[in-house]
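Taking it in order: structure first as structure tokens, then the write-up.
The values are calculated or read from the model by the stated rules, or taken from the named source; none is laboratory data. Predicted model, so just to flag it, every value in this text is computed and none were measured. Don't worry about glycine lacking a Cβ; one is built from the backbone with ideal geometry, like all the others, and counts go over all protein chains shown. In case anyone asks, the SASA skips ligands and DNA or RNA and just uses the protein heavy atoms, side chains included. Shrake-Rupley method; radii C 1.70, N 1.55, O 1.52, S 1.80 Å.
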Amino acid sequence: MSNVIELRGLTKTFGDFRALDGVDLDVPEGSVFGFLGPNGAGKTTTLRILTGLANQTAGTATIFGHDTQTEGRLARADMGFLPDVPGYYSWMTAGEFLRFSGRLFGLSDGPLAARVESLLDLAGLTDVDTKVGGFSRGMKQRLGVAQALINAPRLLMLDEPTSALDPMGRKDVLEMIGALKGKTTVFFSTHILNDVERVCDNIAVLDRGRVVRQAPIGELKSEGVGCRIAVEVTADTEGFVGALNGEEWASECTVDGARIHCLVSDLDVARLRVPALVAERGVGLVRMADEERTLEDVFVGLVGGEQ
């Protein structure tokens with residue numbers, strides 16, 4: 001599989017501050033790629049370089065094999081971009097805004113009409129006649145994704161598209177992004193772990209200007225030290241959590257309803273000690289099951305520390 005984006009040693013400095021510090025990155029064609037990191041990690045700086053809004057201090061960035069500095073027009077010819085705070089003409093309807101955007105790309109009336117109809121359907125805005133100024137934030141973000149797709153790009157760049165949305169707005173935008181999987185390459189920059197876990201197939205974790213890990217999401221969640229277990233007992237759940245947290249192999253034990261979730265460093269030891277603790281405390285064991293590590297477990301392990 002070929003790479004749509006390749007970064008090699010990408011560095012950006014502002015005086016003595018290194019916003020990017022030798023970033024290497026490969027974004028496979030057709031993937032929904034999560035570019036994940038805490039606020040201030042350098043995600044937006046990377047996007048600004050890729051979209052031509054800034055130049056790097058050192059290193060190279062290529063899109064579809066074209067250098068973004070020396071072949072910027074070719075590199076970005078097949079790109080769509082949604083910034084973190086998109087702007088709209090509030091007096092237009094969604095359809096008018098998309099037609100306006102399409103004409104800026106030189107699309108003729110026939111193909112443009114079909115494209116607008118398809119994108120309004122994708123965004124769930126087909127029968128919406130309200131002016132954009134009256135849209136909710138979620139509706140505006142869905143329109144923004146549609147606008148970024150108006151030129152049928154092979155690469156869609158999204159900068160924090162769900163960060164200011166309520167749960168329903170986030171759900172709608174994520175469903176739009178998920179529907180693009182396999183149809184276009186999506187580069188999804190965010191700090192929201194649940195969003196990445198829901199729609200992305202590959203991720204890179206950026207911390208303090210450096211990529212600390214890049215892998216398919218399934219591979220990333222299956223590796224590393226520790227796993228999770230779920231335990232349910234018949235009584236004294238809070239007391240049992242305290243007992244688990246007192247074990248050297250257990251950490252981050254929390255209660256969710258009747259169920260206890262716990263990160264364990266040695267699963268074999270946990271399988272022996274949990275029944276023993278149950279017997280010691282005189283309670284019954286309803287269930288004990290292995291759980292997949294969450295992306296949050298991986299992220300905290302990779303980044304950690306004070307940001």
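Structure notes:
- Summarising the strand pairing of the chain, around 70 percent of its internal DSSP beta bridges are antiparallel.
- Once all protein chains are placed together, D24 keeps about 80 Å² accessible to a 1.4 angstrom probe.
- When the charge dipole of the chain is built from unit charges on Cβ atoms (+1 for Lys and Arg, -1 for Asp and Glu) and taken about the Cα centre, the candidate among S108, L149, G72 whose Cα reaches farthest toward its positive end is S108.
- Selection from V298, G134, G37 lying farthest towards where the dipole of the chain points positive, charges on Cβ: G134
- Simple point charges give the picture: +1 on the Cβ of Lys and Arg, -1 on the Cβ of Asp and Glu, and for region 164-256 a dipole about the Cα centre of about 720 debye.
- Dipole magnitude (debye, nearest 20) for the chain, charges at Cβ of Lys, Arg, Asp, Glu: 1020 debye
- Each Cα pair under 8 Å and six or more residues apart adds its separation to the average, and for the chain the resulting relative contact order is 20 percent.
- Helix-only arithmetic for the chain: the sum of -39500 (n - 2.57) across DSSP H runs with n ≥ 4, divided by the residue total, places the mean residue ellipticity at 222 nm at -10500 deg cm²/dmol.
- Neighbourhood net charge (13 Å Cβ-Cβ; Lys/Arg +1, Asp/Glu -1) for I260: -3
- Within a Gaussian network of the chain (alpha carbon springs, distance under 10 Å), most fluctuating of R210, R142, R198: R198
- Debye log10 I(q)/I(0) at q = 0.15, 0.18, 0.27 Å⁻¹ for region 1-69, Cα point scatterers: -0.45, -0.65, -1.36
- Rg and Dmax over the alpha-carbon atoms of region 45-105 stand at 14.5, 43 Å.
- Cβ screening of the chain for cysteine pairs under 4.7 Å finds these without a partner: C200, C227.
- Cβ-defined net charge surrounding T162, 13 Å radius [Lys, Arg +1; Asp, Glu -1]: -2
- Proximal aspartates and glutamates to K43, defined as alpha-carbon separation beneath 14 angstrom and excluding residues fewer than eight positions away on the same chain: D21, D24, D84, D159, E160, D207
- Whole-percent carbon and sulfur share, accessible surface of region 113-234, 1.4 Å: 48 percent
- S90 paired with E175, simple spin-label distance in nm, labels 7 Å along Cα-to-beta-carbon: 2.9 nm
- Option label - mean projected area of the Cα convex hull in nm² computed here, alternatives [x] 19.3; [y] 18.2; [z] 16.1: [x]
- Virtual spin-label span in nm between M288 and S108, 7 Å along Cα→Cβ: 7.1 nm
- Sorting the segments 48-61, 153-166 by their mean number of nearby beta carbons within 10 angstrom, highest to lowest, gives 153-166, 48-61.
- Under the simplified labelling scheme, the E252-L267 pair shows an inter-label distance of 1.6 nm, with each label point 7 Å from Cα along Cα→Cβ.
- Cα shape, region 102-239, gyration tensor, a/c 1.5 rule: prolate
- Given charges at beta-carbon only (K, R positive; D, E negative), |dipole| of region 1-144 in Debye: 420 debye
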